[in-house]
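Each remark here refers to the structure printed beneath this line.
The values are calculated or read from the model by the stated rules, or taken from the named source; none is laboratory data. Owing to the predicted nature of the structure, the values given are computational and were not obtained by experimental measurement. With ideal geometry, Cβ positions are generated from the backbone for all residues, glycine too; neighbour counts draw on all protein chains shown.
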Amino acid sequence: MNFSHIFLRVVIPFLVVVFLSVVVFYFFFRDEDEVVISDSPSSFDSFNDVSDGRFSESIVFLSNGISFNLSEFLSVADEEMISNVESFQFIGRDGSMVLVSQNFLIDAERVTDFDFFVVSEPGRTMPAVNPAYSITFDDLGFAVVLLQEPLEDTRSLAVNDLVSRTGVDRQKLCNLPITVGVISTVNDDLAEQELGLGYCPGSVSLTDVEVNANRL
């Protein structure tokens, strides 16, 4: 028997057995707790994850049928484009789409140097009135800054304003990237904290904070 016959009848069958053994071992004895990294939007469930590019990919639809991703729209939009906004399709915290059918930018003041909009700041144009809060918007989401105490009442006013301007119900607002904070001149202890909308998971109870402060 020459070498080629030995190779065909012994070596090749041996290699096939080894290969099948490796395959069987992998499927039956691999670690079931193996971590799988997903690129799907549903894996981005925190504000920081969404703001790292996901939210900026939201879509702005104009009445003439043209659409833009949010980041592009905010950088090029003029007054005519803003007035023609028909709806927004925002990417929520959990990766799902949140439809906003009201044009909350129509009356907003654009800060051109930074591509963001002041959506609401009641009393801003009245010299004798200090605004209670400020709501701004950019390609990272909404930012609410509380400017007056009592903070719980001010936050409630800001949330109601957001609901009115966007047409999104209160529970769906929890899925949008919205940061809520307070300036240090109003409350230095809370100035570094994310306060939340009050009723969404993880929100800070401002009523408890103020009651405790009043007892001191």
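Structure above, values below:
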item: Region 81-96, subset at pLDDT below 95 and over 19 Å from Thr136 (Cα atoms), residue surrounded by the fewest Cβ atoms within 10 Å (Cβ to Cβ); result: Ser96
item: Members of region 86-107 that are part of a loop (DSSP other than H, G, I, E, B), within 16 Å of Ser164 (Cβ to Cβ) and in contact with a helix residue (DSSP H, G or I) (Cβ under 8 Å, 6 or more places away or on another chain); result: Gln102, Asn103, Phe104, Leu105, Ile106
item: Hits in region 62-78 - residues which are over 15 Å from Asp138 (Cβ atoms) and in a loop (DSSP other than H, G, I, E, B); result: Ser63, Asn64, Gly65, Ile66, Asp78
item: Counted residues, region 128-167 - those being farther than 23 Å from Ser56 by Cβ and assigned to a strand (DSSP E or B); result: 2
item: The listed residue being out of contact with any Lys or Arg (no Cβ under 9 Å at 6 or more places or on another chain), of a type in the set (D, E, K, R) and surrounded by fewer than 17 Cβ atoms within 10 Å (Cβ to Cβ), out of Arg170, Arg165; result: Arg170
item: Filtered residues of region 175-188 (kept if of a type outside the set (Ser, Thr, Tyr) and surrounded by fewer than 20 Cβ atoms within 10 Å (Cβ to Cβ)); result: Gly181, Ile183, Val186, Asn187, Asp188
item: Filtered residues of region 108-117 (kept if assigned to a loop (DSSP other than H, G, I, E, B) and either among the aliphatic types (A, V, I, L, M) or modelled with pLDDT of 95 or more (or both)); result: Ala108
item: Yes/no for Leu173 being touching a residue at least 40 places away in the same chain (Cβ under 8 Å) and not basic (Lys, Arg); result: no
item: Answer from Ala132, Ala191, Ala158 - the residue that is surrounded by fewer than 18 Cβ atoms within 10 Å (Cβ to Cβ) and of a type in the set (A, V, I, L, M); result: Ala191
item: Residue, modelled with the lowest pLDDT, within region 51-61, restricted to residues that are under 15 Å from Asp138 (Cα atoms) and not polar (S, T, N, Q); result: Asp52
